[in-house]
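One structure is given here, and the rest of the page talks about it.
The values are calculated or read from the model by the stated rules, or taken from the named source; none is laboratory data. Just so you know, these numbers come straight off a predicted model, no measurement behind them. FYI the Cβ positions are ideal-geometry reconstructions off the backbone, even for glycines, and counts take in every protein chain you see.
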Amino acid sequence: MPARLAAPEPTWAVDIDVVVLGSGAAGLSAALAARPVRDVLLVTKDTLDAGSTNWAQGGLAAVLDPGDSLESHVHDTLAAGADLCDESAVRTLVAEAPTAIRYLSRLGAAFDESSHDHLALTREGGHSHRRIVHAGGDQSGAEVQRTLDESVRLAGVRVVERAFALDLLIGRLADGRRAVAGVRVALLDETGAVESVGDVTARAVVIATGGFGQVFASTSNPPAVTGDGVAIALRAGVAVTDIEFIQFHPTVLWTGPDATGQQALISEAVRGEGAVLVDASGARVMAGVHPQEDLAPRDVVAAAISARMAQAQGGVDDHVYLDARSIGAEFEKRFPSITASCAAEGIDPTTDLIPVAPAAHYVCGGVKADLDGATDLVGLYVVGEAACTGVHGANRLASNSLTESVVAGTRVGRALSWSLPLKVEAVDDERPAALLSADLRAELRSTMSKYVGVLRSADGLSTAADRLARLEEKTDSAVEPSRRSFEATNMLTLARAVVAAASARTESRGCHRRADAPESLDTWRRHLYVVDSDATVVESP
Ligand SMILES: Cc1cc2nc3c(=O)[nH]c(=O)nc-3n(C[C@H](O)[C@H](O)[C@H](O)COP(=O)(O)OP(=O)(O)OC[C@H]3O[C@@H](n4cnc5c(N)ncnc54)[C@H](O)[C@@H]3O)c2cc1C
């Protein structure tokens, strides 16, 4: 794979204390927390609200009900993570979650209330209590995004939109260790063409570029979520871990066999309010599958749906249905966005069954980092969905990710206020640069959805590896640099990393399911690391 993204030579330079890449909950929280003390530049490749944060429906998990307990939230998170969570990271997240919610409320987030001064709490899959804070019914992420956007602007963070982070600038400390010197950035026009390229030098670079659902043809993630930051880290030789654990949301709105791109999510909270999954013959999908039935953890529900689709009950093999009719007239008030998405397809959830299917939704793995964002490379910090802090293990508990983005973002911002890494000079990077043509994105995405989806097998993964290798042969230094070709190259880097890790893990655990190795094995209670852009998998970083 190319060691760098091919782009025009830099023609400008900026020097700053901290540069944050990405403007979702994680990046905005980091910028906001660092800003009172540091000069902060926030670079984001589209508009501020283009990431997943703005789309989150269900809400943010935190223990706020006196009848609930931190221990119970820890227990549920560890249970979902299938023996791969880092328990101390989970305990820190759970302990700081209530403060994160109060912090957002003080910044102006209008969370839904059940009575004056009491936040309304709902339940989602895998949670044993009602502990999900939400806003505008199912517009929780949009409220978090709006609140943080405003706060960041008011705090005086310098924001550059349509600025695409390409690759890290690397230098050396006096003791010879590699360290981050900054980041190379392409400024884009409205069509995604490159206007100019420049170098932002900084003492700290915070990657907060989100996950990579767009690597799959069927996904709930918006178009901007192409995993650029994780690919940047791989090209810089920073270890990525747990990358095989991709959570497939069990229920996106199924709009036809040819639908691609971002698909509307039908939040788990709909099942939390009483909806049940049925197949085309009307039989319940989750009855007898798991004690929590329709509120079982997501991997269990997605696998049960995939297995039921494979049986083609009632002659239907590519979707099942959500029966939400019991919610009645309350549905529209509680779930306004979902009501609108259904209406656009001519579906009335109070009288009709909602067709649904699983789709790539959340990446549990990412760049190996702690909850303060620190990585193995001096000066590089990674937060939010781009990071793997050990909080999610092999499977994320619903609504822990927005909470993690705010908690980790705030922690890294605060840590950088206290101290910054030493400044280093960038060394010229002479490694070969190339790009994958944007025309090949569709082939890449359909390969991933077809062979690396909910149920995987050695044969399917090997077919995927061959097809991706053929795409890699087509990377070329002559491909026109643009947002879409930069993204295509990053998507290929990640697709290869996922396939390599998923092939190596010959068991089923959390949201990595192998049809040819259906059991979880004690010998596999360990992490895998991908350490470079050529998808080299190792057992310790
Ligand atoms: C439909 C949907 C519903 C969800 N519901 C929930 C929920 O209810 N609760 C929950 O906890 N989680 C939910 N999630 C997951 C959650 O939204 C994400 O995990 C979380 O928002 C990630 O935040 P982030 O800041 O890490 O990344 P994002 O919000 O995805 O932001 C990434 C940012 O990086 C920018 N960027 C990307 N590449 C580059 C680049 N090369 N250069 C510069 N900028 C770049 C993007 O434009 C964007 O601004 C949901 C996700 C989706 C898609």
Residue match in the range 85-93 (condition: modelled with pLDDT of 95 or more, within 13 Å of the ligand (Cβ to nearest atom), crowded, with 22+ Cβ neighbours inside 10 Å and among the β-branched types (Val, Ile, Thr)): no
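Here's the yes/no breakdown for (1) without any contact (Cβ under 8 Å) to a residue 24 or more places away in the chain; (2) in contact with a strand residue (DSSP E or B) (Cβ under 9 Å, 6 or more places away or on another chain); (3) under 30 Å from Gly261 (Cβ atoms):
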site	(1), (2), (3)
Leu28	no, yes, yes
Leu41	no, yes, no
Lys45	no, yes, yes
Asp65	no, yes, no
Gly108	no, no, no
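Report yes if some residue within the range 170-183 is farther than 30 Å from Lys333 by Cβ, of a type in the set (A, V, I, L, M, F, W, C) and within 15 Å of the ligand (Cβ to nearest atom); otherwise report no.
Looking for residues that are farther than 30 Å from Lys333 by Cβ, of a type in the set (A, V, I, L, M, F, W, C) and within 15 Å of the ligand (Cβ to nearest atom), one finds at least one in the range 170-183, hence yes.
Suppose the filter is basic (Lys, Arg), surrounded by 24 or more Cβ atoms within 10 Å (Cβ to Cβ) and under 24 Å from the mean Cα position of the chain (by Cα); does Arg414 pass it? Break it down into steps so the answer makes sense when it comes.
On the way: basic (Lys, Arg): yes; surrounded by 24 or more Cβ atoms within 10 Å (Cβ to Cβ): no; under 24 Å from the mean Cα position of the chain (by Cα): yes.
Answer is no for this residue.
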Does Thr255 count as touching a His at 6+ places or on another chain (Cβ under 8 Å) and not aliphatic (A, V, I, L, M)? no
For the range 23-43 the number of residues that are in contact with a Lys or Arg (Cβ under 8 Å, 6 or more places away or on another chain), within 14 Å of Ala165 (Cβ to Cβ) and surrounded by 24 or more Cβ atoms within 10 Å (Cβ to Cβ) is 1
Residues satisfying the stated conditions in the range 294-338, i.e. surrounded by 19 or more Cβ atoms within 10 Å (Cβ to Cβ), in contact (Cβ under 8 Å) with a residue 60 or more places away in the chain and outside any helix (DSSP H, G or I): Ala296, Pro297, His319, Leu322, Phe335
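Go through the range 276-289 and give me each residue that's assigned to a loop (DSSP other than H, G, I, E, B) and closer than 29 Å to Phe212 by Cα. If you could, list the steps in order and put the result at the bottom.
So in the range 276-289, the residues assigned to a loop (DSSP other than H, G, I, E, B) come out as 279-283, 285-289.
Val285, Met286, listed by residue number.
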Counting only residues that are within 23 Å of the chain's Cα centre (by Cα) and of a type in the set (Ser, Thr, Tyr), which one in the range 501-541 is farthest from Glu244 (Cα to Cα)? Ser533
Near pairs, Cβ below 6 angstrom, 6+ apart or cross-chain, from the range 415-426 (more than 16 Å from Leu173 (Cα to Cα)) to any residue that is of a type in the set (Asp, Glu) and assigned to a loop (DSSP other than H, G, I, E, B): Ala415/Asp372
Only one of these is hydrophobic (A, V, I, L, M, F, W, C), closer than 28 Å to Gln262 by Cβ and assigned to a loop (DSSP other than H, G, I, E, B): Ala535, Ala497, Ala488. Name it. Ala535
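Taking the condition of being more than 7 Å from the ligand (Cβ to nearest atom) and either in contact with a Leu (Cβ under 9 Å, 6 or more places away or on another chain) or in a loop (DSSP other than H, G, I, E, B) (or both), how many residues in the range 29-53 meet it? Explain how you work it out, then say what you get.
So the first thing to find is which residues in the range 29-53 are more than 7 Å from the ligand (Cβ to nearest atom), and the list is 29-42, 47, 49.
Checking the rest, the ones that are also either in contact with a Leu (Cβ under 9 Å, 6 or more places away or on another chain) or in a loop (DSSP other than H, G, I, E, B) (or both) come to 29-40, 42, 47, 49.
Total meeting the criteria: 15.
Select, from Thr255, Thr226, Thr201, the only residue that is out of contact with any strand residue (DSSP E or B) (no Cβ under 7 Å at 6 or more places or on another chain) and either assigned by TED's automatic domain parsing to the domain that holds Met491 or surrounded by fewer than 23 Cβ atoms within 10 Å (Cβ to Cβ) (or both).
Values: Thr226 fails: either assigned by TED's automatic domain parsing to the domain that holds Met491 or surrounded by fewer than 23 Cβ atoms within 10 Å (Cβ to Cβ) (or both); Thr201 fails: out of contact with any strand residue (DSSP E or B) (no Cβ under 7 Å at 6 or more places or on another chain).
Exactly one of Thr255, Thr226, Thr201 is out of contact with any strand residue (DSSP E or B) (no Cβ under 7 Å at 6 or more places or on another chain) and either assigned by TED's automatic domain parsing to the domain that holds Met491 or surrounded by fewer than 23 Cβ atoms within 10 Å (Cβ to Cβ) (or both), namely Thr255.
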Near pairs, Cβ below 8 angstrom, 6+ apart or cross-chain, from the range 118-134 (in contact (Cβ under 8 Å) with a residue 40 or more places away in the chain) to any residue that is in a strand (DSSP E or B) and among the small types (Gly, Ala, Ser): Leu121/Ser114; Glu124/Ala61; His127/Ala61; Arg131/Ala61; Ile132/Ala61; Val133/Ala61
Restricting to the range 513-536, name every residue that is in contact with a strand residue (DSSP E or B) (Cβ under 7 Å, 6 or more places away or on another chain) and touching a residue at least 60 places away in the same chain (Cβ under 8 Å). Arg513, Ala515, Ser520, His527, Leu528, Tyr529, Val530, Val531
Taking the residues in the range 247-264 that are in contact with a helix residue (DSSP H, G or I) (Cβ under 7 Å, 6 or more places away or on another chain) and either part of a helix (DSSP H, G or I) or of a type in the set (A, V, I, L, M, F, W, C) (or both) as candidates, determine which candidate is nearest to the ligand (Cβ to nearest atom). Ala264
Got a sec? Which of Ile101, Ile16 is more than 28 Å from Asp228 (Cα to Cα) and either in contact with a Phe, Trp or Tyr (Cβ under 9 Å, 6 or more places away or on another chain) or part of a strand (DSSP E or B) (or both)? Ile101
All positions within the range 367-402 that are within 13 Å of the ligand (Cβ to nearest atom), in contact with a Gly (Cβ under 9 Å, 6 or more places away or on another chain) and not in a loop (DSSP other than H, G, I, E, B): Val367, Tyr381, Val382, Gly384, Glu385, Ala386, Ala387, Cys388, Ser401, Leu402
